[in-house]
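Engineer: Dropping a structure here in structure tokens format, bear with me for questions.
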Amino acid sequence: MDTAITQWINGFAGQNPVVDQMMIAITKFGVPAMIVFVVLQWWSRNDRLFVRHVAICAGLSFLLGLAINQGILVFVHRLRPYDLGLSNLLIDRSADWSFPSDHATASMSIAAAFVIRKLPRRAAALFAMAILIGISRVYVGTHFATDVLGGAATGIVAALAVCLIFRENSRLNRIVTRIL
């Protein structure tokens with residue numbers, strides 16, 4: 001089923017040059033755009049200290065999620081779909097294993113932090129972007145659908161862990177959120 005879903009999504013690749021370029025752009029610039037969005041939250045006009053706390057949670061979730069992925073990659077050596085001849089690759093080959101998707105982890109960890117900390121409008125926009133990034137990774141042929149789902153799950157777990165540990169009323173949070 002994973003292969004069928006992956007091939008169905010990737011089957012649209014190469015059919016429309018405009019959609020191809022859009023998906024390539026989302027794959028390349030989606031996560032950096034989300035990072036810039038989070039950084040810009042530091043200068044939020046409304047509820048500044050709380051929004052700063054959420055931005056810190058998002059950043060820590062991002063880092064923890066990618067660290068977890070590195071641990072998983074030590075044990076799980078899944079080939080990429082293009083290595084198995086199952087996808088039409090639209091971007092350069094990756095040097096690491098396929099599972100889990102770092103892009104999905106990074107984007108979902110950011111979105112999940114905003115969801116958990118209850119900033120709904122920002123969370124909705126970030127969640128939509130995370131979904132687009134995940135779809136783009138399958139579309140451009142570099143991941144299986146379950147690689148993206150696994151990465152998203154890692155991102156959510158990382159965000160939950162960070163949001164449980166890094167409290168808004170902690171001394172460290174008070175010090176960090178008052179910078180600038």
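The values are calculated or read from the model by the stated rules, or taken from the named source; none is laboratory data. Note that this is a predicted model, so its numbers are computed, not measured. Don't worry about glycine lacking a Cβ; one is built from the backbone with ideal geometry, like all the others, and counts go over all protein chains shown. Quick note on the areas: whole protein, heavy atoms, side chains included, nothing else; ligands and nucleic acids left out. Shrake-Rupley method; radii C 1.70, N 1.55, O 1.52, S 1.80 Å.
Engineer: Within the range 126-140, does at least one residue satisfy the condition of being more than 24 Å from Met1 (Cα to Cα) and either open to solvent by less than 20 Å² (accessible area, probe 1.4 Å) or in contact (Cβ under 8 Å) with a residue 24 or more places away in the chain (or both)?
Structural biologist: Of the residues in the range 126-140, the ones more than 24 Å from Met1 (Cα to Cα) are 126-129.
Narrowing the set further to residues that are either open to solvent by less than 20 Å² (accessible area, probe 1.4 Å) or in contact (Cβ under 8 Å) with a residue 24 or more places away in the chain (or both) leaves 126, 129.
Looking through the range 126-140, at least one residue is more than 24 Å from Met1 (Cα to Cα) and either open to solvent by less than 20 Å² (accessible area, probe 1.4 Å) or in contact (Cβ under 8 Å) with a residue 24 or more places away in the chain (or both).
Engineer: Is it true that some residue in the range 147-161 is more than 24 Å from Trp42 (Cα to Cα), open to solvent by less than 20 Å² (accessible area, probe 1.4 Å), polar (S, T, N, Q) and in contact (Cβ under 8 Å) with a residue 24 or more places away in the chain?
Structural biologist: Yes.
Engineer: If you don't mind, there's one more thing I want to ask. In the range 49-73, which residues are surrounded by fewer than 17 Cβ atoms within 10 Å (Cβ to Cβ), over 18 Å from Val157 (Cα atoms) and among the aliphatic types (A, V, I, L, M)?
Structural biologist: Residue satisfying the conditions is Leu49 alone.
Engineer: Among the residues of the range 34-48, count how many are surrounded by 14 or more Cβ atoms within 10 Å (Cβ to Cβ) and either assigned to a helix (DSSP H, G or I) or at pLDDT 95 or above (or both). Full working, then the answer.
Structural biologist: Step one: of the range 34-48, the residues surrounded by 14 or more Cβ atoms within 10 Å (Cβ to Cβ) are 34-35, 37-38, 41-42, 44, 48.
If we keep only those that are either assigned to a helix (DSSP H, G or I) or at pLDDT 95 or above (or both) too, we end up with 34-35, 37-38, 41-42, 48.
Final tally of qualifying residues: 7.
Engineer: A follow-up question, please. Consider the range 83-126. How many of its residues are among the hydroxyl-bearing types (Ser, Thr, Tyr), part of a loop (DSSP other than H, G, I, E, B) and closer than 15 Å to Leu60 by Cβ?
Structural biologist: From the range 83-126, those among the hydroxyl-bearing types (Ser, Thr, Tyr) are 87, 94, 98, 101, 105, 107, 109; that's our starting set.
Narrowing further to those that are part of a loop (DSSP other than H, G, I, E, B): 87, 94, 98, 101.
With closer than 15 Å to Leu60 by Cβ added as a condition, the list becomes none.
Residues that pass the stated criteria total 0.
Engineer: May I ask you to list the residues in the range 162-171 that are touching a residue at least 60 places away in the same chain (Cβ under 8 Å) and in a helix (DSSP H, G or I)? Walk me through how you get there before you give the answer.
Structural biologist: Here is the first cut: in the range 162-171, the ones touching a residue at least 60 places away in the same chain (Cβ under 8 Å) are 162-163, 166, 168.
If the condition is that a residue be touching a residue at least 60 places away in the same chain (Cβ under 8 Å) and in a helix (DSSP H, G or I), then Val162, Cys163 are the ones that fit.
Engineer: Quick test of your reading of the structure: Ser170 fulfils all but one of (1) of a type in the set (S, T, N, Q); (2) open to solvent by 10 Å² or more (accessible area, probe 1.4 Å); (3) modelled with pLDDT of 95 or more. Name the failing condition by number.
Structural biologist: Among (1) of a type in the set (S, T, N, Q); (2) open to solvent by 10 Å² or more (accessible area, probe 1.4 Å); (3) modelled with pLDDT of 95 or more, Ser170 violates only (3).
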